[in-house]
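Below is one structure, written out as structure tokens; comments come after it.
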Amino acid sequence: MHDEKTISELVVLALYGQSISHPYVKAMRIAEKNKVNMLDLGPLHNKVRNHMKKLIAYPDLLLDSEIAFENAELNGEEWRAVDGMQRISELIPRLPHVRPLLLAFLQGALETWKRFTSEFAPGSLIDEATVEEKEMAWMPGTNDVNEGALGSFRSLMRRQPCLSILQYNAQAMYFHNNTAAFMSKFFKDEDYKYIHKLARAADGLKTAGLTVQKRKIAMIADAVLYHAGTWKPFTEADQSDSDLEEMIDNDVSDTEDEWEDL
């Protein structure tokens, strides 16, 4: 760690991380927590690009002997690593190549940011979409849900290798949609009996051949059985597949509107 070139590169990476990366990730996490529509994050990405342009025009904001976070940090907040920035300010006078390295890095990063966020550019479909259109196409700000779901699925399958995809989806929907609160508020004894009947029937079907609507009913039913803690697989000895399918077809036609909002 006494090589001047290596130290210079590490300093540039740290300066970028403290001024751009960490505050951007923090802003994205806050947006995710507050359920902000990804399509409404255009101003944040524009802010990042404009801030990088400012740092390119005035690199001393990061290279001055007393680096002030108020103007150099993306959100104008205190550095995430105060001690680290203090040490960097002490090293910079001994690193003659830091300035050109920092400028080259920022310029390259700016071009990459432009490519990554081109869908938010002025005149783009997202930029010109109305509030109503953005609401209709609502998307989470990060991909955490998908990445986390895959990890959760793999972990659960190690503990319950016989669990079906249908059952896993039912459990995931149950927790994500706050189903317990809905059931506690609206369900009566007959609702539980009805859903238990559907759930046991759905569990006995050959789910690979189910229609989309049947799968929907089956997942709802699975979620309720999981909530009640009384899972009991339905066997072929209880009823034939044709009878089960006929029962669910009838239930779907009678209750389609009721389950649409679940």
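A few points about this structure:
- Candidates Leu15, Leu41, filtered to the one that is in contact with a helix residue (DSSP H, G or I) (Cβ under 7 Å, 6 or more places away or on another chain) and more than 30 Å from Met139 (Cβ to Cβ): Leu15
- Thr117 being closer than 29 Å to Ile56 by Cβ, within 14 Å of the chain's Cα centre (by Cα) and in contact (Cβ under 8 Å) with a residue 60 or more places away in the chain: no
- Within the stretch 49-60, being assigned to a helix (DSSP H, G or I) and either at pLDDT below 90 or surrounded by fewer than 19 Cβ atoms within 10 Å (Cβ to Cβ) (or both) holds for Arg49, Asn50, Lys53, Lys54, Ile56, Ala57, Asp60.
- Selection status of Arg80, of a type in the set (D, E, K, R) and either touching a Phe, Trp or Tyr at 6+ places or on another chain (Cβ under 9 Å) or surrounded by 11 or more Cβ atoms within 10 Å (Cβ to Cβ) (or both): yes
- Criterion: touching a residue at least 60 places away in the same chain (Cβ under 8 Å), of a type in the set (Val, Ile, Thr) and out of contact with any Lys or Arg (no Cβ under 9 Å at 6 or more places or on another chain) - qualifying residue of Val48, Val82, Val25, Val131: Val48
- Pro59 out of contact with any Asp or Glu (no Cβ under 9 Å at 6 or more places or on another chain) and either of a type in the set (Gly, Ala, Ser) or closer than 25 Å to Glu111 by Cα (or both): yes
- Screening the candidates Leu106, Leu101, Leu91, Leu74 for the property of being outside any loop (DSSP other than H, G, I, E, B) and either hydroxyl-bearing (Ser, Thr, Tyr) or under 30 Å from the mean Cα position of the chain (by Cα) (or both) yields one hit, Leu106.
- When residues in the stretch 158-167 are screened for being farther than 23 Å from Arg200 by Cβ and surrounded by 10 or more Cβ atoms within 10 Å (Cβ to Cβ), 0 of them pass.
The values are calculated or read from the model by the stated rules, or taken from the named source; none is laboratory data. None of these values were measured; they are calculated from a predicted model. In this analysis, Cβ positions are derived from the backbone assuming ideal geometry, glycine residues included, and neighbour counts consider all displayed protein chains.
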